[in-house]
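Every number in this text was worked out from the coordinates using simple rules, so none of it is lab data. On a predicted model such as this, the values are computed, not experimentally measured, just so you know. Note that each Cβ is placed from the backbone with ideal geometry, even for glycine, and that neighbours are counted across all protein chains shown.
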Amino acid sequence: MAVSVRTIQTAIPATVLRQPQVRDVFASQPGLTRLGTRLVSASFDGSGIDTRYTVIDELTLDTQTEHPQFFDLASGHLLAPSTKARNELYIERASALYVEAGRKALDAVEGITAADITHVVTVSCTGFFAPGPDYVLVRQLGLAPSTLRYHVGFMGCYAAFPALRMAKSFCEAEPDAVVLVVSVELCTLHMRSSNEPDQIVASSVFADGAAAAIVTARDLPSSSPVLDLDAFESVLTPVGEEDMAWKIGDEGFEMILSSYVPKIIDQHISGALEPLLARETQLVDAPHESIAHWAIHPGGRSILDKVEAKLQLSEAQLTPSRGVLREYGNMSSATILFVLKAIMDGWPGSVDDGGASAGDRVCAMAFGPGLTVETGLMTLRSAREA
């Protein structure tokens, strides 16, 4: 019995952040040291990002907000709202994005309506409220009040993997189950001016976005490719606990993102992949040749560079990951779903110039606090086979 992702749909806020403009704003903040200014320029310019999106409407150079909380256009200063103020905006804007992405996913799958959804799994590490986003989805999408609801919270960039693994388990236990998985991350709510290298790097890469997937084992018609969820593995690296972390501060959540993270990934990525590849021995010797598509979480350009070199991947195999990073930035847990969608849709310039074929294997991978490496093995099926 194949458990499949029938669709992945995405949603982004309206306000666009253009990387050179945001760099200049951060580089001009009062209290920034000469070293801090240099770090801002290096981090933003070397990020591999052109555009990102934010729910903070006032983070724009076009319109002055009468009572700004986050950015005062008149002075050019970034402000320091409390964690409560940031979370209040999260409640409002995240709720809307959960519903938008969830509705798009429901509308995209033939033979599925709101009444068919049996489980909801929501994912986020950038805000909290209760009743939570799972409740919002049930009410706003008209799901059955008996829908089983779960929330994967505060796990960071790899959290979409536990959510998909849960969905697969539900469908294996109940073959008629239909699971709606929705990830929403509003990382820009926690941006701030700082001389700390970790915070500067975080401010240069993180962004806001939402993604929703429908997972089921039901035999349904389909006009587009689907993605079979074959297997998942989770590995903790021997080091890295202090190099990637996420804590709650008085002025938002505080990211620890050490410059050693790419080095840790470089040293331990092969070992972290071993349990997944061992499930199919023919993949072990040359996975870069046996697996056509690689959905690598684009935590940053240097991370993608390390993974590409260590696993001997081609430039084309990393095109979807680099493209998502360039156009959307790092949206924490939602990002890997953007990359998987790009592969399913056929991102221009990827393997065979976007010609994802039935039977192609996909290896997905994301990294998060711990340092945790989550991996998944998947298989593309054509619309006819689905």
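For segment 226-381, the Cβ-based charge dipole about the Cα centre amounts to some 140 debye (Lys, Arg positive; Asp, Glu negative; other atoms uncharged). Share of pairwise Cα-Cα distances greater than 13 Å in segment 243-291 is 68 percent (whole percent).
Amide H to amide H distances under 5 Å link residue 4 with 216, 217, 229, where only residues 5 or more positions off or on other chains count and H is placed in the peptide plane. Taken along its three principal axes, the alpha carbon spread of segment 201-269 comes to 48, 32, 19 Å, from the longest extent down to the shortest. Counting only Cβ charges, +1 for Lys and Arg and -1 for Asp and Glu, the dipole size of the chain around its Cα centre is about 240 debye. Selection among 21, 138, 43 by position relative to the dipole of the chain gives 21 as farthest towards the positive end (Cβ unit charges, Cα centre).
Taking one quarter of the surface of the convex hull spanned by the alpha-carbon atoms of the chain gives a direction-averaged projected area of 18.0 nm².
Excluding same-chain neighbours fewer than eight residues apart, the lysines reachable from residue 310 by a Cα-Cα span under 27 Å are 263, 341. Across 104, 247, 263, mean-square fluctuation computed from a Gaussian network of the chain (C-alpha pairs under 10 Å connected) peaks at 247. Among 100, 185, 280, the largest mean-square fluctuation in a Gaussian network model of the chain, built with springs joining Cα atoms closer than 10 Å, belongs to 280.
Using the Cα coordinates of segment 77-122, the gyration tensor eigenvalues translate into equivalent-ellipsoid semi-axes of 33, 11, 6 Å, sorted from longest to shortest. When the alpha carbon gyration tensor of segment 226-381 is reduced to an equivalent ellipsoid, its three semi-axes come out at 26, 18, 14 angstrom, largest first.
Full extension of the segment from residue 63 to residue 129, taken as 0.36 nm per residue of separation minus the current Cα-Cα distance, would add 20.8 nm.
Using only helices, what value at 222 nm comes out for the chain when you add -39,500 (n - 2.57) per DSSP H run of length 4 or more and divide by the total residues, to the nearest 500 deg cm²/dmol? Show your work: numbers first, answer last.
On the way: 11 runs with 131 residues, N = 386.
After summing the helix terms and dividing by the residues of the chain, the value is -10500 deg cm²/dmol.
In order along segment 47-52, phi translates into HN-Hα couplings of 6, x, 10, 9, 9, 9 Hz, rounded to whole numbers, per the Karplus curve 6.51 cos²θ - 1.76 cosθ + 1.60 with θ = phi - 60° and x for Gly and Pro. Segment 280-328 has equivalent-ellipsoid semi-axes of 21, 10, 8 Å, by the square roots of 5 times the alpha carbon gyration tensor eigenvalues, sorted largest first. Geometric descriptor of segment 52-109, per residue, is 110 Å³ (volume of the convex hull of the Cα atoms).
DSSP finds beta bridges in the chain, and of those with both partners inside it, around 75 percent are antiparallel. The Cα center of segment 62-83 and the Cα center of segment 326-346 differ in position by 30 Å. Here segment 138-164 is scanned for amide nitrogen atoms under 19 Å from the site 7 Å beyond the Cα of residue 176 along Cα-to-Cβ, giving 143-149.
If you average the C-alpha positions of segment 171-233 and of segment 84-159 separately, how far apart do those two centres end up, in angstrom? Rounded to whole Å, the Cα centres lie 11 Å apart.
Rounding to the nearest 20 debye, state how big the charge dipole of segment 24-114 is about its Cα centre with +1 on each Lys and Arg Cβ and -1 on each Asp and Glu Cβ. Each step should come with its number before you reach the end.
Values: 8 positive and 13 negative charges, 87 e Å.
Here segment 24-114 has a charge dipole of around 420 debye.
A straight Cα-to-Cα reach below 21 Å connects residue 84 with the lysines 247, residues fewer than 8 places away in its own chain not being considered. Simple rule: put +1 on each Lys or Arg Cβ and -1 on each Asp or Glu Cβ in segment 10-147, find the dipole, and look at 101, 115, 78; the Cα lying farthest toward the positive end is 78. Among 198, 250, 228, the residue with the largest mean-square fluctuation in a Gaussian network model of the chain, with springs joining Cα atoms closer than 10 Å, is 250.
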